[in-house]
Amino acid sequence: MSAEARDVGPVEEKPRRYDSTLRRRQAEQNRRAVLDAATTLFSEGGWSVAVRDVARSAGTSVETVYAHFGSKAGLLMQVLDVAVVGDDERVALMDRPEFAALSQGAPRDRAAAAAALVTGINRRTVGLQRTLRAAAVVEPDLATWLEQARERQRLNVRVGGAMMAGRELSPVEAEGLWAVLSMEVYELLTGSTGWSPEQYENWLTGAVIRLLGLESGR
């Protein structure tokens with residue numbers, strides 16, 4: 001062995017840098033898995049679904065679920081927020097292209113855009129809304145959140161209706177439109193009556209046109 005080789009001391013390993021990007025990515029994947037699992041379980045099983053059931057379905061731990069969402073009620077609220085808009089992006093409903101479409105095109109196009117938007121929301125959230133209503137009876141935080149959600153819906157309907165009509169709605173029009181677009185009407189027509197979501201959407205387009213007088217231009 002050469003002297004040159006013998007003089008080489010031990011090689012010091014550089015400390016491995018903590019990969020925070022990977023950690024964040026894994027945490028987000030876990031969060032997404034929990035949301036997906038909770039959406040299915042709450043929609044089908046109602047409020048009786050336990051956090052451990054969600055964790056098991058998501059392939060994670062109960063502690064991870066609580067770390068992300070704080071409580072079972074917090075998890076349901078987050079699941080509903082995501083289901084309303086259809087994704088986990090932090091963009092409010094009124095700031096999305098689907099909502100902007102309510103002011104674009106001919107009157108029938110605007111009504112059809114509203115019907116498509118509402119049908120999509122109702123299809124994604126119908127089971128979750130049932131769970132929320134049942135849970136609100138025993139969970140004060142969810143009861144408060146439900147009332148706040150209804151007020152947000154009323155505001156969205158009033159703003160969206162004005163966009164479709166090109167004018168401010170009267171109180172009677174705004175409240176009537178809110179009732180027509182409600183989850184309760186969707187449940188009656190697609191549940192008790194047996195309509196398909198497509199039938200409901202077509203009916204809703206016509207109902208919005210008639211309620212707001214869009215064809216007459218008033």
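Q148 passes every criterion in (1) polar (S, T, N, Q); (2) without any contact (Cβ under 8 Å) to a residue 40 or more places away in the chain; (3) open to solvent by less than 50 Å² (accessible area, probe 1.4 Å) apart from (3). Within the stretch 117-133, residues that are within 15 Å of W178 (Cβ to Cβ) reach partners that are crowded, with 22+ Cβ neighbours inside 10 Å with beta carbons closer than 6 Å, at six or more positions or on different chains, in the pairs V118/L181; N122/Y186. Considering E28, E44, E63, the condition of being surrounded by fewer than 17 Cβ atoms within 10 Å (Cβ to Cβ) and more than 25 Å from D141 (Cα to Cα) is satisfied by E28 alone.
Selection of the stretch 170-202 for residues being β-branched (V, I, T) and either in a helix (DSSP H, G or I) or open to solvent by less than 20 Å² (accessible area, probe 1.4 Å) (or both) yields V172, V180, V185, T190. Taken together, the residues in the stretch 78-98 that are open to solvent by 40 Å² or more (accessible area, probe 1.4 Å) and in contact with a Phe, Trp or Tyr (Cβ under 7 Å, 6 or more places away or on another chain) amount to 1.
The values are calculated or read from the model by the stated rules, or taken from the named source; none is laboratory data. Small disclaimer: the values here were computed from a predicted structure and weren't measured. So basically every Cβ, Gly included, is an ideal-geometry build from the backbone, and we count neighbours across all protein chains shown. Quick note on the areas: whole protein, heavy atoms, side chains included, nothing else; ligands and nucleic acids left out. Shrake-Rupley method; radii C 1.70, N 1.55, O 1.52, S 1.80 Å.
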